[in-house]
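Student: First the structure, which I've put down as structure tokens, then a few questions once you've had a look.
The values are calculated or read from the model by the stated rules, or taken from the named source; none is laboratory data. Since the structure is predicted, the reported quantities are computational estimates derived from the model, not experimental observations. For accessibility, only protein heavy atoms count, side chains too; no ligands or nucleic acids. Shrake-Rupley method; radii C 1.70, N 1.55, O 1.52, S 1.80 Å.
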Amino acid sequence: FLEEAPAGARTPDWLAEAVACGVLNDLYPDDPTCCFSTGYGRPDRVPAEWRNTRTWAATARGLASSGKALGFGDLAVLDLNSLSFQALVQSWSVLQVLRGKDENGTRAFLRKVRRGGEPFKALGDCLGLDPAGVDRLWKAEGLRGR
């Protein structure tokens, strides 16, 4: 994802992690903690919902309907150390929802951000969304899946 990024370009942590979590979900659906345990402590301290990526969609739907999820504007500016397990699942889920809305627009968004573009501007340019629009779309998708 970041291989062709220009020197000094900074990808938001939520987006880099969302892409990484999508890859892990595909490669290690049963237990991705082999990849995360070194960064997040002992594997036995990893939350149960994190140990099976097949439950991530249900976890994200639960966050969307509970009202406990971060607003996208807040999620998008967190640094890696501030992303909780729930925020990581939410990041993954937001990217999945954006892909479901417009695959080509999401690819264009990723390209712009990877090349150093301002993420919120790229979101508007490529997908016609602002942070509040992402929240509405993500929550509507989460509630529809319940």
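Student: Using a 1.4 Å probe, how large is the accessible area of LYS139, given in Å² and rounded to the nearest 10?
Tutor: Spelled out: LYS139, probe radius 1.4 Å, area about 80 Å².
Student: Counting pairs on different chains as well as pairs 8 or more places apart, how many Lys pairs in the stretch 68-146 have Cα atoms under 21 Å apart?
Tutor: 5
Student: Could you tell me the accessible area of ARG99 in Å² (1.4 Å probe, neighbours in place), rounded to the nearest ten?
Tutor: 100 Å²
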